[in-house]
Amino acid sequence: MAADLAALGSVLVIIPTYNESQNIESITNRLRKAVPEAHILVADDNSPDGTGKIAARLAESDENIHVMHRRGKQGLGAAYLAGFEWGLDNGYDVLVQHDADGSHQPEQLPRHLQALADGADMVKGSRWVAGGSVVNWPKSRVLISRGGSLWTRAWLGIKVKDATGGFNAFKADTLRGMDLDEVASAGYCFQIDLVWRAIKHGFKVVEVPIEFVEREFGDSKMNRNIVVEALIRTTLWGVQHRFSQLAGLFKRG
Ligand SMILES: Nc1nc2c(ncn2[C@@H]2O[C@H](COP(=O)(O)OP(=O)(O)OP(=O)(O)O)[C@@H](O)[C@H]2O)c(=O)[nH]1
Ligand SMILES: [Mg+2]
């Protein structure tokens, strides 16, 4: 039988934003409808297009919406780390990562929450498990995403099908137990870093299917550096992991 969602406690959805003025209002509206009891934290990096001001206006009229105004663009990973810290300091029991650009569907968040209630420590929204899908994504992006996950699985020896996915939910104790102060990754790699950390620390990671929709408005912040960072860091973690496996074998032998 499915476990009770209410028992999960308070939920904070963190939305990092950089120039999402065309998206922020509709995504917060959808989230408020889909999971009314959840709180939202917009972590804005002083977007030149005024996203922070729109978020501040939304927060004024809705006590479930909060805004963190950050100094300037420091990358998605840094914004999430600041959001996690704020959420943990403020006593939330569940913390969710959610993009502003419409790629993640707020209506699918209850599935993440149910998986946490059923015993997962971290839940990853996955495009590449049965029932998952992408809408309007160019072939090149599918290739990068699938290739990146394959590379990650091969090096790190993990079963996660969508390692780079960014629609994730955590129990607060999972984040507390992952040594987040050691995270240095900035782009896509941040998502791989989080799931690798969760697995290494012995937490139960579950993937749930999501429909990922290419953004209609605004520009992607994805670039070649982000892909290269992910490739280099994942390979380094993989080499370290394989060495420690070998060292373990020698010790035992
Ligand atoms: N605060 C903050 N948010 C960011 C930064 N870079 C990206 N974001 C936000 O992070 C979310 C994901 O960024 P996207 O540009 O959509 O990048 P992506 O989803 O990895 O790439 P696509 O698949 O092309 O959409 C969006 O809500 C962005 O506004 C940043 O430097 N600071
Ligand atoms: Mg996006």
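A few notes on this one:
- Pairs of Cα atoms nearer than 8 Å and 6+ residues apart set the relative contact order; for the chain it is 23 percent.
- Rounded, prolate or oblate (a/c below 1.5 giving rounded, otherwise prolate when a/b exceeds b/c) for the range 148-253 by Cα gyration tensor: prolate
- For Thr17, distant residues with modelled amide H under 5 Å away: Ala43, Asp44, Asp45
- Diffusion coefficient, µm² s⁻¹, Stokes-Einstein with Kirkwood Rh over alpha-carbon pairs of the range 7-252 at 25 °C and 0.890 mPa s: 134
- Interchain or long-range residues, amide H under 5 Å from Asn168's placed H: Gln97, Gly125
- Cα gyration tensor, the range 1-43 - rounded (a/c under 1.5), prolate or oblate: prolate
- Folded to 0 to 90 degrees: helix 139-156 orientation relative to the chain principal axis, Cα: 50
- Paramagnetic label reach from Thr235 (point 7 Å along Cα→Cβ; backbone nitrogen cut-off under 19 Å): within the range 134-153, residues 144-153.
- Modelled spin labels at Glu182 and Leu143, positioned 7 Å past Cα toward Cβ, are 3.6 nm from each other.
- Residue list for the range 187-218, given a label point 7 angstrom along the Cα-to-Cβ vector of Asn136 and an amide N cut-off under 20 Å: 210-218
- For Ile40, the amide hydrogen comes within under 5 Å of the amide hydrogens of Val13, Ile65, His66, counting only partners 5 or more places away or on other chains and with H modelled in the peptide plane.
- log₁₀ of I(q)/I(0) at q = 0.10, 0.24 Å⁻¹ - the range 1-113, Debye sum with one point per alpha carbon: -0.26, -1.49
- Tensor-based shape of the range 101-207 (alpha-carbon gyration tensor, a/c under 1.5 rounded, otherwise prolate or oblate): oblate
- Förster radius 25 Å - calculated FRET efficiency between Asn225 and Glu25 (Cβ-Cβ, nearest 0.05): 0.25
- Computed from label points 7 Å out along Cα-Cβ, the spacing between Ser244 and Lys53 is 4.8 nm.
- Dipole orientation for the chain: of the candidates Gly52, Gly9, Phe212, Phe212 has the Cα lying most toward the positive pole (charges on Cβ; Lys, Arg +1; Asp, Glu -1).
- Residue-by-residue Karplus 3J(HN,Hα) for the range 238-250, coefficients 6.51, -1.76, 1.60, Hz, glycine and proline x: x, 4, 4, 4, 5, 5, 5, 5, 4, 4, x, 4, 5
- Share of Cα-Cα pairs in the range 97-158 lying beyond 14 Å, as whole percent: 69
- Packing, taken as the mean count of other beta carbons within 10 Å per residue, orders the peptides 60-69, 162-171 from highest to lowest as 162-171, 60-69.
- Mean residue ellipticity (222 nm) of the chain, computed from DSSP H runs ≥ 4 via -39,500 (n - 2.57), nearest 500: -13500 deg cm²/dmol
Bear in mind these aren't lab numbers, they're just calculated from the coordinates by the rules spelled out. This one's a predicted model, so the numbers in the text were calculated from it and none came from an experiment. Every residue, glycine among them, receives a Cβ derived from its backbone with ideal geometry; neighbour counts consider all protein chains shown.
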